[in-house]
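Reading through the structure tokens given below for one structure.
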Amino acid sequence: MENSALSGRVHAFQSMGAVDGPGLRYVVFFQGCPLRCAYCHNPDTWAFGGGQEATVEQVLQKVRRCAPYIKKRGGVTLTGGEPLAQSAFAAALLAALKTEGYHTALDTSGAASLPEAAKVLAHTDLVLADLKFTTEEGYRRFTGGSLAHTLEFLDLCREMGRPVWLRHVVVPGLNDGPEAAARLAALARGYDNVERVELLPFRTLCIEKYTALGIPFPLKGTPPAGEEHLAPFRAALGLLAAPAE
């Protein structure tokens with residue numbers, strides 16, 4: 001198979017994911033990320049030299065073992081880290097998965113050049129777009145990324161006809177409250193290809209990872225998000241809000 005020997009760096013594999021797109025899914029966690037989100041739960045995926053090297057064919061062999069469970073009503077999701085940071089590997093893997101009949105999903109922050117992103121989106125059935133903040137200031141301060149670029153990526157998804165599920169982590173004191181909820185709802189409704197918005201409450205379960213890596217946790221002392229923090233978003237989003245887990 002063309003490009004089957006192309007390799008990339010993978011952090012981990014999950015054989016039966018239930019929260020990374022529709023149905024049961026095989027999840028491939030890519031290694032390496034250009035962002036440094038203050039609330040990131042996977043700091044061990046940041047370093048581009050970490051993880052393990054794997055070829056497209058080696059990943060396919062793992063996926064095929066789960067085909068009876070995921071092929072009919074599920075699929076395969078690429079997440080990270082940031083899959084678009086290894087765009088050639090991501091595109092080749094998704095193309096091979098599509099050839100074998102799998103539904104494909106891409107969990108991404110959109111932090112890559114648009115031409116490279118387009119090559120990956122060409123083989124993507126569903127985009128799980130991580131929208132970090134609804135202001136440029138929040139993006140730059142707490143992720144090192146850019147809201148403007150993220151919106152350009154969402155524009156590209158719309159132009160290419162790719163359905164989008166927005167994902168938004170709600171952090172008390174950073175991006176919560178009625179005004180932030182109203183901005184998110186307005187942004188989501190501006191894209192006719194956005195099918196739903198998944199609200200992810202901030203949690204502190206990742207602190208042990210930071211400690212093990214010797215990295216200070218930027219949001220130490222921030223309380224977990226409760227339903228009272230999510231309620232304004234559910235009200236503003238209405239039917240766009242995904243059902244609570």
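How many of the residues making up region 74-127 are touching a Lys or Arg at 6+ places or on another chain (Cβ under 9 Å), within 19 Å of Leu24 (Cβ to Cβ) and not in a strand (DSSP E or B)?
7
Which one of Leu205, Leu219 is buried (at least 18 other Cβ atoms within 10 Å of the Cβ) and either over 25 Å from Leu156 (Cβ atoms) or under 22 Å from the mean Cα position of the chain (by Cα) (or both)?
Leu219
Quick test for you: out of Leu126, Leu156, Leu114, pick the one residue that is out of contact with any helix residue (DSSP H, G or I) (no Cβ under 7 Å at 6 or more places or on another chain), among the hydrophobic types (A, V, I, L, M, F, W, C), farther than 30 Å from Leu219 by Cα and modelled with pLDDT of 95 or more. Working first, answer last.
Details: Leu156 fails: out of contact with any helix residue (DSSP H, G or I) (no Cβ under 7 Å at 6 or more places or on another chain); Leu114 fails: out of contact with any helix residue (DSSP H, G or I) (no Cβ under 7 Å at 6 or more places or on another chain).
That would be Leu126, the only listed residue that is out of contact with any helix residue (DSSP H, G or I) (no Cβ under 7 Å at 6 or more places or on another chain), among the hydrophobic types (A, V, I, L, M, F, W, C), farther than 30 Å from Leu219 by Cα and modelled with pLDDT of 95 or more.
So is Gly173 in contact with a Ser or Thr (Cβ under 7 Å, 6 or more places away or on another chain), surrounded by fewer than 16 Cβ atoms within 10 Å (Cβ to Cβ) and in contact (Cβ under 8 Å) with a residue 24 or more places away in the chain or not? Break it down stepwise before answering.
Details: in contact with a Ser or Thr (Cβ under 7 Å, 6 or more places away or on another chain): yes; surrounded by fewer than 16 Cβ atoms within 10 Å (Cβ to Cβ): yes; in contact (Cβ under 8 Å) with a residue 24 or more places away in the chain: yes.
The answer is yes for Gly173.
Tyr69 is checked against (1) of a type outside the set (Lys, Arg); (2) touching a residue at least 12 places away in the same chain (Cβ under 8 Å); (3) out of contact with any Gly (no Cβ under 6 Å at 6 or more places or on another chain); (4) under 28 Å from Phe133 (Cα atoms) and fails just one. What number does that condition carry?
(4) is the only condition that Tyr69 fails.
Condition (residue is free of Cβ contacts under 8 Å to residues at least 40 places away in the same chain, open to solvent by less than 10 Å² (accessible area, probe 1.4 Å), more than 22 Å from Ala47 (Cβ to Cβ) and not in a helix (DSSP H, G or I)) applied to region 128-136: is it met by at least one residue?
yes
The values are calculated or read from the model by the stated rules, or taken from the named source; none is laboratory data. Keep in mind that what you see is a predicted model, and the values were worked out from it rather than measured. Reconstructed Cβ throughout: ideal geometry from the backbone, glycine too, with neighbour counts over all protein chains shown. Surface accessibility is based on the protein's heavy atoms, side chains included, excluding ligands, DNA and RNA. Shrake-Rupley method; radii C 1.70, N 1.55, O 1.52, S 1.80 Å.
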